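J.: This is the structure, below, for whatever I ask next.
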Amino acid sequence: MATFDDVVTIARTYLRDFPRFFQTSFASGGRTYQLGHVNVDASSLYVAVYQPSGGNASAIPANEYSLDVRNGILRLSAAPAVGAQVMIEGYYYEWVTPDDLAFYTQRAIEKHLVALDTSLSNLTEVVINAIGIAAIVESLWALMTEYSRDIDVITSESVHIPASKRFRMVQPLLSQWEGEYQRPATPLNSGLHRVEVYN
């Protein structure tokens, strides 16, 4: 019996976008800290303040800071004492946050169940696998939309930053996964392109 989480797992595994650990620390200098990573998993975040004079670290509860997940920015409710160290560790994703992948997975499921009088739990494993691939396609379309705003930079000192390369890298990957999705979806007669006979 398949569940929503099963579809998310299929998409995450094929996409190979697994959580990556990070650990960083800052000398106390206000309330806002750039973590150095985007797509931070809020549920895995550990924030503590270390006081050298006391020799111990005190964890900061989640209700005393806010996290900009997509940009990797942490903002404390109150600035730590002068001389303290802010220690932060957790996991981040290179491409897609768990909440975003859940959103794309829901869209993929809706496109497959819209014409079927059944639930996700009644679908076979091969159809569930196709829906997982459809969630990847949804994710890559979103990434291409984001990366399309990247502009190459060439400075007068001949420094070239090919920012649009991310878009050009994801584009063939999207085409590849669209083909991988159509391969099972067409013979299974699944998805929005499903053929229906009315009479």
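J.: Going by what's in this entry, would Ile128 be described as assigned to a helix (DSSP H, G or I), open to solvent by less than 20 Å² (accessible area, probe 1.4 Å) and in contact (Cβ under 8 Å) with a residue 60 or more places away in the chain?
T.: yes
J.: Looking at Glu110 and the list (1) more than 22 Å from Phe18 (Cβ to Cβ); (2) in contact (Cβ under 8 Å) with a residue 60 or more places away in the chain, which single condition is not satisfied?
T.: (2) is the only condition that Glu110 fails.
J.: Checking Ser156 against (1) open to solvent by 30 Å² or more (accessible area, probe 1.4 Å); (2) among the small types (Gly, Ala, Ser); (3) closer than 17 Å to Ala2 by Cβ; (4) outside any helix (DSSP H, G or I), which test does it fail?
T.: The single condition Ser156 does not satisfy is (3).
J.: Hey, can you tell me all the residues within segment 143-153 that are free of Cβ contacts under 8 Å to residues at least 12 places away in the same chain and either under 21 Å from Tyr93 (Cα atoms) or surrounded by 12 or more Cβ atoms within 10 Å (Cβ to Cβ) (or both)?
T.: Selection gives Thr145, Glu146, Arg149.
J.: Restricting the search to segment 49-87, which residues are small (Gly, Ala, Ser) and farther than 25 Å from Phe18 by Cα?
T.: Ser53, Gly54, Gly55, Ala57, Ser58, Ala59, Ser77, Ala78, Ala79, Ala81, Gly83, Ala84
J.: Among (1) open to solvent by less than 100 Å² (accessible area, probe 1.4 Å); (2) assigned to a helix (DSSP H, G or I), which single condition is Arg183 missing?
T.: That leaves (1) as the condition not met.
The values are calculated or read from the model by the stated rules, or taken from the named source; none is laboratory data. The model shown is predicted, which means the values in this text are computed figures rather than measured ones. With ideal geometry, Cβ positions are generated from the backbone for all residues, glycine too; neighbour counts draw on all protein chains shown. When the accessible area is computed, the model is the full protein with side chains, heavy atoms only, and any ligands, DNA or RNA have been set aside. Shrake-Rupley method; radii C 1.70, N 1.55, O 1.52, S 1.80 Å.
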